[in-house]
Amino acid sequence: MAGSTRSIFYLADGLAKKGHNVFVGCRKESLLFSLVENSNATPVAMSFSGRLDFKNIREIRQIVNERKIQIINAQSSYDRYTSILARLFYKLPVKIFHTRRQRPRSDGGWIQKQFYIKGTDGIIVVSEELKRMFIAKGYPANHIHVIYNGVPENINTLINDNTLESLRKQHAIASHDTVVGCISRKKSQEELIRALKFMDPAIKVLFVGIDKEFLQDEIERESPKQEIIFAGKKDWEETLHYYKLCTLNVLPSRMDGFGLVIVESMLLGTPVVGANKGGIINLIENGVSGLIYEFGNPEDLAKKIQTLLDDRTKKDAMIQNGLNRAKRFSVAQTVINYENFFQSFYK
């Protein structure tokens, strides 16, 4: 499951719990729809078949008029277009904000940039580094607002000892094994495979969120000596248990605007190593609450992993500092920040 799906769910449910009327437009077959069905927010089935989805544009007009919607917060790619077009075509009396969770892959050209700037009342990004990237692409600084994602602080209470023991047996992971984990959907996991030639062959490597086929070519090229375990895709609550199986967790990514897995890992007491890209550098205080490695440099990644494995005192300090750091990125605070931000436009 993409972290963005949970972030949208957390936000919608949190704002609804505070008494706001929150409607989440998404495809009925999506995971987000099923999550919102069991929340305090209300799911609304919408099409989202393309940037010029006129059916979706009409759907937006309908719910705005029927439910007296004041704010549209577009969260994906197609709805960034259809929300602006719906307001433009039907003169809808709404504020429009975009939430951007990943670095912009391209600036989209002058026309698209002006469409986003002129068509919205503001763009929300999930880290300071992401704001810097948008400004570098030519977006005005006063149009970009930082609101960090959040993670529930109580995820530790969801860990079940029986489930942990079952997973240990399933994957033949002993309590004394050294396990380097990578818990994420498709990112740049090949970075970890390339780093293995610089690491102890006795280490076990655990990938959760991807299948072996994704890295098969890289494994054949590198021929790592370590045992590599692929757990595949798991639901969120089961995934949380895998953090506890890991000696440390690595996020090799250049795309993440935030990196929910970093915060989840910290909250569950698993030290982290992350790439020096995107919002990861805003989450990890290098050398304090985790370690940052140079993306594209597998030897540096191996060195940072080995630092945590060799120095128990440093590792324990980073675990404690990571826990304290993660508490700054709570769902409750994210919801408060969004609420205050939205309400500031109605004072």
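For GluC sites (Glu not before Pro), the sites in the range 27-73 that DSSP calls loop and that have at most 16 other Cβ atoms within 10 Å are Glu29. Think of the range 155-326 as a dipole: +1 on every Lys or Arg Cβ, -1 on every Asp or Glu Cβ, centred on the Cα centre; then among Trp236, Ala202, Met255, Met255 lies furthest on the positive end.
If the chain linking Asn276 and Asn21 were pulled fully straight, counting 0.36 nm for each residue of separation and taking away their Cα-Cα distance, it would gain 87.9 nm. For the chain, the relative contact order works out to 15 percent when only alpha carbon pairs closer than 8 Å and six or more residues apart are counted.
The protection proxy used here, the mean number of other Cβ atoms lying within 10 Å of each residue, ranks peptides 270-282, 216-228 as follows, highest first: 270-282, 216-228. Modelled label positions at Glu220 and Lys28, each set 7 Å beyond Cα in the direction of Cβ, lie 4.3 nm from each other. Put in line by how crowded their Cβ is, counting other Cβ atoms within 10 Å and starting with the fewest, Val44, Val261 read Val44, Val261.
Straight-line cross-link partners of Lys197 among the lysines, defined as a Cα under 21 Å from its Cα and at least 8 positions apart when in the same chain: Lys187, Lys212, Lys225, Lys303, Lys304.
A Gaussian network model of the chain, with springs between Cα atoms under 10 Å, assigns the largest mean-square fluctuation among Gln70, Gln333, Gln102 to Gln70. Of the residues Met199, Met255, Met318, the one with the fewest other Cβ atoms within 10 Å heads the list, and the complete ranking is Met255, Met199, Met318. In the range 141-194, which trypsin sites (Lys or Arg not before Pro) fall in coil by DSSP and have 15 or fewer other Cβ atoms within 10 Å? Sites meeting the loop and neighbour criteria: Arg185, Lys186.
Residues of the range 101-141 with an amide N closer than 15 Å to a point placed 7 Å from the Cα of Leu88 along the Cα-to-Cβ direction: 109-121. Simple spin-label estimate for Ser166 and Ala202 gives 3.2 nm between the two label positions (7 Å along the Cα-to-Cβ direction from each Cα). Using every pair of distinct Cα positions in the chain, the Kirkwood expression returns a hydrodynamic radius of 21.4 angstrom. Rounded to 0.05, the FRET efficiency of the His176 and Lys314 pair, given R0 = 22 Å and the Cβ-Cβ distance, is 0.65. Inter-part distance, the range 303-347 to the range 89-167, computed on C-alpha centroids, equals 17 Å. Projected label points at Asn154 and Arg328, each 7 Å from Cα along the beta carbon direction, are separated by 2.5 nanometres. Here the calculated FRET efficiency for Leu52 and His143, from their Cβ-Cβ distance with R0 = 35 Å, stands at 0.90, rounded to the nearest 0.05.
Does the range 155-326 come out rounded, prolate or oblate, given a ≥ b ≥ c as the square roots of the eigenvalues of its C-alpha gyration tensor, rounded meaning a/c under 1.5 and, failing that, prolate meaning a/b above b/c? In terms of gyration-tensor shape, rounded.
Beta bridges per DSSP, both residues in the chain: antiparallel share near 5 percent. Packing here is the average count of other Cβ atoms within 10 Å per residue, and on that basis the peptides 9-18, 292-301, highest first, run 9-18, 292-301.
Only the coordinates and a few stated rules stand behind these numbers; no lab work does. Because the structure is a prediction, the values reported are computed rather than measured. Neighbour counts are summed over all protein chains in view; Cβ atoms, including those assigned to glycine, are modelled from backbone coordinates with ideal geometry.
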